[in-house]
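Asker: Would you mind keeping the following structure in view while I ask a few things?
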There are 2 protein chains.
Amino acid sequence: MTVQETADFLRTLDEVLILTHVRPDGDTVGCAAALCRALRGMGKAAYLLPNPEITGTYEPYAASLWAPEGYVPQSVVSVDIAAPNLLPDNALPYKGGICLAIDHHGSQEFFAARTCLDADAAACGEIVYDVIRALGASVTPEIAMALYVAVSTDTGCFVYTNTTARTHRIAAELMDCGIDVGAVNKALFRTKSAVRLAMEARMVADMELYDNGRVVVMSIPLSLCRELHATEADIEELSSLAALVQGTDCGITLRELKPGRVKISLRTGPRVDACAVCRVLGGGGHKAAAGATVEGTMDEVKAGILAAYREVVG
Amino acid sequence: MTVQETADFLRTLDEVLILTHVRPDGDTVGCAAALCRALRGMGKAAYLLPNPEITGTYEPYAASLWAPEGYVPQSVVSVDIAAPNLLPDNALPYKGGICLAIDHHGSQEFFAARTCLDADAAACGEIVYDVIRALGASVTPEIAMALYVAVSTDTGCFVYTNTTARTHRIAAELMDCGIDVGAVNKALFRTKSAVRLAMEARMVADMELYDNGRVVVMSIPLSLCRELHATEADIEELSSLAALVQGTDCGITLRELKPGRVKISLRTGPRVDACAVCRVLGGGGHKAAAGATVEGTMDEVKAGILAAYREVVG
């Protein structure tokens, strides 16, 4: 569906429930909060399904919008969700009944009745911004801030290769709505806890290089998290660290979610299609940033992703 | 002078020499390169004074524009230079004869015959962009790229508090000129050498906290640079590291330039006026980012800057 068709469809809805994805990031939370507030501004009932995995970083944007227990929606909308296996457990009852998915992942699986997909958008927040404008809803400072969080986090604050002139124009228009992004930028991109700094130092000290240094593998075993008493907020976005190392264009981060279950994150340059590599292991995402969650020990999963890299990149 | 007056004045010039500041950053180099190319595009002779301290990071933007030996300019223009003591040694012969300074530092000392100052501009590159547009010069991809480097480096890629909606709009317009910023962003903001990662780890391990953790002091002694065989490019922009630490809003970096001479860099939040603190020691800059270069041992200079902090902040 086009942005205009999506807006027209949203206009027909009421008593909406908005779904965010597992391990929610700034894009899914920001999109959900902005869309929810815009729908409310049009006089509709709208809530977010509480996401039990949300961290303190993004909770302030969502907490006041959580659906009360027992809320029975008429319509269920998902934002920034590429596949049904990225739904949190408490969203599973709605799995077959999602009437609209708004997303920007090339790996979108079209699980909803209708899909508004723009795989060229740096963030789902860019699409939701256009949808809200097409709705004619007023972009309040709270909506602008939620969308700024969405757009800035998915572009690493306008540094990743997905950033376009359109991304900068949207950021300018959101700032014109009277938001002060200084404190948000500082909190999201310019603050590191002592625990996080220690984790980064250990990940760097223990990193492994492959393919003549073009591939860097960093690991976040459960033992490291326990040793440093790391919270989820300390670990957030650590998957971008591996791609920083000079000479690499394929940063692989392995995070042990629980014994025998590992989340893989890839951040790549133009030479490596991260989505294609992760697809080999059942994952997906974007060309320059993708992921997969697989069963196995850290060593088994490392061997698996390196084999997938060789299979795709040659 | 206004932007229009500056453009009108530049139109009258020919055989121009453009000066950049000591330890040249992306803003001074990008502004100089863009202005030089724009003037050449108008059929004028224009060169940059070779800056012996330029690093490999910024050299590609300037190297082909260096003035040949013996070049005798009719007019000398400085960009992003706040005070005469920031002129490189080889610029000193021109000190009394600078006909125009284009700058964005609140601490500008008005050393030139004419000054185009906008202390609200995040980067001098924003002013130079407006001047080039007022000149009616065409913004070629090479000019756009030089200005993108200027604007992005002075805003930490749109993350620092100096970033405004205008900054984002200029970035969008520059990207519309057909430049691919992906590789530049990766090189400038998403690449760290192994030496740099090791330096950061040491600076973090050895950091000192003051004023209940609100002040973080990090040090780059000559001994550390020698031990890690650090080049100037490994050290560039390291002064933003101290302000990352959670709980601080005053990051102080002390870099030993040579025995007995220390460069102080401050990166601060709204509570601390970095420029006011650095002024106590004869330096200057912006409210959120300022510096000073002073004589003394690392310990003496540390005591001096902490005393200046207490004097200004109380």
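The values are calculated or read from the model by the stated rules, or taken from the named source; none is laboratory data. Fair warning: this is a prediction, and the values are worked out from it, not measured in the lab. Positions of Cβ are backbone-derived with ideal geometry, glycine not excepted, and every protein chain shown enters the neighbour counts. All accessible areas refer to the heavy atoms of the entire protein, side chains included, with ligands and DNA or RNA removed. Shrake-Rupley method; radii C 1.70, N 1.55, O 1.52, S 1.80 Å.
Asker: Nearest 0.05, what FRET efficiency do A:A183 and B:A45 give at R0 = 41 Å with Cβ-Cβ as r?
Answerer: Working: r = 47 Å, r/R0 = 1.15.
After rounding, the FRET efficiency stands at 0.30.
Asker: Chymotrypsin sites (Phe, Trp or Tyr not before Pro), restricted to segment A:48-147: which are DSSP loop and have at most 14 other Cβ atoms within 10 Å? List each step's numbers first, then the result.
Answerer: On the way: sites: A:Y58, A:Y61, A:W66, A:Y71, A:Y94, A:F110, A:F111, A:Y129; in loops: A:Y58, A:Y71, A:F110, A:F111.
Within segment A:48-147, the qualifying chymotrypsin sites (Phe, Trp or Tyr not before Pro) (loop, at most 14 other Cβ atoms within 10 Å) are A:Y71, A:F110.
Asker: Keeping all protein chains in the complex and leaving out DNA, RNA and ligands, what accessible area do you get for B:V272 with a 1.4 Å probe, in Å² to the nearest 10?
Answerer: Taking all protein chains as shown, B:V272 has close to 0 Å².
Asker: Once you put a point 7 Å from the Cα of A:R226 and another 7 Å from the Cα of B:A303, both along the Cβ direction, what distance in nm separates them?
Answerer: Modelled inter-label distance: 4.8 nm.
Asker: Ok, one more. For B:K258, what accessible area in Å² do you get when you roll a 1.4 Å probe over the heavy atoms of the protein chains, rounding to the nearest 10?
Answerer: It works out to around 120 Å².
Asker: Shortest first, in nm, what separates the label point of B:D118 from those of the same position in the other copies (7 Å along Cα→Cβ)?
Answerer: Result for B:D118, in nm, nearest copy first: 2.8.
Asker: Would you mind giving the total buried accessible surface between chains A and B, with a 1.4 Å probe and ligands, DNA and RNA left out, rounded to the nearest 100 Å²?
Answerer: About 2900 Å² of accessible surface is lost on pairing.
Asker: If you don't mind, there's one more thing I want to ask. Could you look at chain B and say what percent of its accessible area is carbon and sulfur, using a 1.4 Å probe and all protein chains? Mind showing how you got there, number by number?
Answerer: Details: 6310 of 12230 Å².
The value for chain B is 52 percent carbon and sulfur by accessible area.
Asker: Still on this structure: Give the ranking of A:T161, A:T6 by solvent-accessible surface, highest area first, calculated with a 1.4 Å probe.
Answerer: Result, largest first: A:T161, A:T6.
Asker: Still on this structure, please answer the following. How much space per residue, in cubic angstrom, does the convex hull of the C-alpha atoms of chain A take up?
Answerer: In chain A, the Cα hull volume divided by residue count equals 128 Å³.
Asker: In segment B:180-256, what % of DSSP beta bridges are antiparallel (nearest 5)?
Answerer: Just about 35 percent of them are antiparallel.
Asker: Sticking with this structure for a sec: In segment A:3-189, what is the volume of the convex hull around the alpha carbon atoms, normalised per residue and reported in Å³?
Answerer: Details: hull volume 19.7 nm³, N = 187.
Per-residue hull volume (Cα only) is 105 Å³.
Asker: Still on this structure: Which of B:A194, B:A119, B:A83 ends up with the largest GNM mean-square fluctuation for chain B, with Cα atoms connected below 10 Å?
Answerer: In the Gaussian network model the winner is B:A194.
Asker: Could I ask something else about it? How large is the translational diffusion coefficient of segment A:82-191 in µm² per second when you combine the Kirkwood radius over alpha carbon pairs with Stokes-Einstein at 4 °C and 1.567 mPa s? Each step should come with its number before you reach the end.
Answerer: Numbers: Rh = 15.1 Å.
Roughly 86 µm²/s, to the nearest whole number.
Asker: Relative contact order of chain B, please, whole-number percent, based on alpha carbon pairs below 8 angstrom and at least 6 residues apart.
Answerer: It comes to 13 percent, rounded to a whole number.
Asker: Which distances, in nm and shortest first, link the B:N212 label point to the same label point in every other copy, taking 7 Å along Cα→Cβ?
Answerer: Label-point separations across copies, in nm and ascending: 5.6.
Asker: Where both residues lie in the protein assembly as shown, what percent of DSSP beta bridges are antiparallel, nearest 5? List each step's numbers first, then the result.
Answerer: Working: 40 of 84 bridges.
Antiparallel bridges make up about 50 percent of those DSSP assigns within the protein assembly as shown.
Asker: To continue, here is another question. Using a 7 Å offset from Cα along the direction of the beta-carbon, what are the separations from A:G136 to the same position in each other copy, nm, ascending?
Answerer: Here the equivalent label points are 4.4 nm apart from this one.
Asker: What residues have an amide H closer than 5 Å to that of B:W66, excluding those fewer than 5 places away on the same chain, when H is modeled at 1.01 Å from N in the peptide plane?
Answerer: For B:W66, whose amide H was placed from the backbone, the distant partners under 5 Å are B:L48.
Asker: State in Å² the accessible area per residue of chain A; use a 1.4 Å probe, count heavy atoms of protein chains only, and round to the nearest integer.
Answerer: Result: 39 Å² per residue.
Asker: Please check: in the Gaussian network model of chain A (C-alpha springs, under 10 Å), which one of A:A91, A:A33, A:A146 has the largest mean-square fluctuation.
Answerer: For chain A, modelled as a Gaussian network with Cα springs under 10 Å, the answer is A:A91.
Asker: Taking the convex hull of the alpha carbon atoms in the protein assembly as shown, what volume per residue do you get, in Å³?
Answerer: In the protein assembly as shown, the Cα convex hull volume per residue is 162 Å³.
Asker: For chain B, modelled as a Gaussian network with Cα springs under 10 Å, which listed residue fluctuates most, B:S152, B:S138, B:S219?
Answerer: Checking each option, the largest mean-square fluctuation is seen for B:S138.
Asker: Report P(r) for segment B:179-306: all Cα-Cα distances, bin width 5 Å, range 0 to the bin holding the largest distance, values in whole percent.
Answerer: 2, 11, 20, 22, 20, 14, 7, 2, 1, 0
Asker: Calculate, for B:E237 and A:S240, the FRET efficiency according to 1/(1 + (r/R0)^6) with r their C-beta to C-beta distance and R0 25 Å; round to the nearest 0.05. Don't skip to the answer; put the middle values down first.
Answerer: Numbers: r = 17 Å, r/R0 = 0.70.
FRET efficiency, B:E237 to A:S240: 0.90.
Asker: Largest first and in whole Å, what are the equivalent-ellipsoid semi-axes of segment A:41-100 based on the Cα gyration tensor, each being the root of 5 times an eigenvalue?
Answerer: With the √(5λ) rule applied to segment A:41-100, the semi-axes are 18, 17, 11 Å.
Asker: Suppose a student asked you for the relative contact order of segment A:194-313, using Cα pairs under 8 Å spaced at least 6 residues apart; what percent would you report? Intermediate results must be reported in sequence, preceding the final value.
Answerer: Working: 236 pairs, mean separation 22.5, N = 120.
Relative contact order here is 19 percent.
Asker: What does segment B:1-45 give for Rg and for Dmax, in Å, if only its C-alpha atoms count?
Answerer: Expressed in Å, the Cα Rg and Dmax of segment B:1-45 come to 11.3, 30.
Asker: Right, here's the next one. How much of the DSSP bridge set in chain A is antiparallel, in percent, rounded to the nearest 5? Intermediate results must be reported in sequence, preceding the final value.
Answerer: Details: 20 of 41 bridges.
Expressed as a percentage, antiparallel bridges in chain A total about 50.
Asker: Sticking with this one: What relative contact order, as a whole-number percentage, does segment A:192-255 give when Cα pairs under 8 Å and 6 or more residues apart are counted?
Answerer: Once normalised by length, the contact order is 38 percent.
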